[in-house]
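Reading through the structure tokens given below for one structure.
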Amino acid sequence: MTPLQVIPFLVLAVGVDNMFILAHALQQQDPRLPIPERLGRALAGAGPSITLAAACEALAFGLGGLTSMPAVRNFSLCAAVAVLLDYALQVVVFTTPLLLFACILFATSYDLLCAVGFHLNMRPCFAKHRGGFDPAACHSLSSSGLAPRV
């Protein structure tokens, strides 16, 4: 097994850890807040630790690129770039499915078509209801019989 075949597993381990940190930070937010605000607060709370961890890992691998051995240098530089790309994708791309599935989860509706309603109405799950979140917004598709429950 070449050293470059190990990098996907390394990035997977780092990425899954950061995903759990983000999901846990979202779960700890006040349920009365609208979901976009909860996600923003979760990113504000977990973002510094994820950023610092990714920066330290990329720096450590980058310093490994200063060695004179070609195999170690190639592995270190590739791993540093992979960790930085993983961090960028987690912060930019992972938050979108996290937002959609938070809509379903916090509405106590395990209906996958709530995400379809999101595109149709552009904000069914984010409606404010008495200063908080309206669970009926995501529930409307399944309670009307138009969407099956999962």
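Data for the structure
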{"quantity": "Residue satisfying condition, being in the same structural domain as PRO36 (by TED's automatic domain parsing), at pLDDT 55 or above and crowded, with 17+ Cβ neighbours inside 10 Å, within set ALA102, ALA80, ALA60, ALA71", "calculated": "ALA80"}
{"quantity": "Number of the condition not met by ILE21 [criteria: (1) under 30 Å from ASN74 (Cβ atoms); (2) in contact (Cβ under 8 Å) with a residue 60 or more places away in the chain; (3) buried (at least 16 other Cβ atoms within 10 Å of the Cβ)]", "calculated": "(2)"}
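The values are calculated or read from the model by the stated rules, or taken from the named source; none is laboratory data. None of these values were measured; they are calculated from a predicted model. FYI the Cβ positions are ideal-geometry reconstructions off the backbone, even for glycines, and counts take in every protein chain you see.
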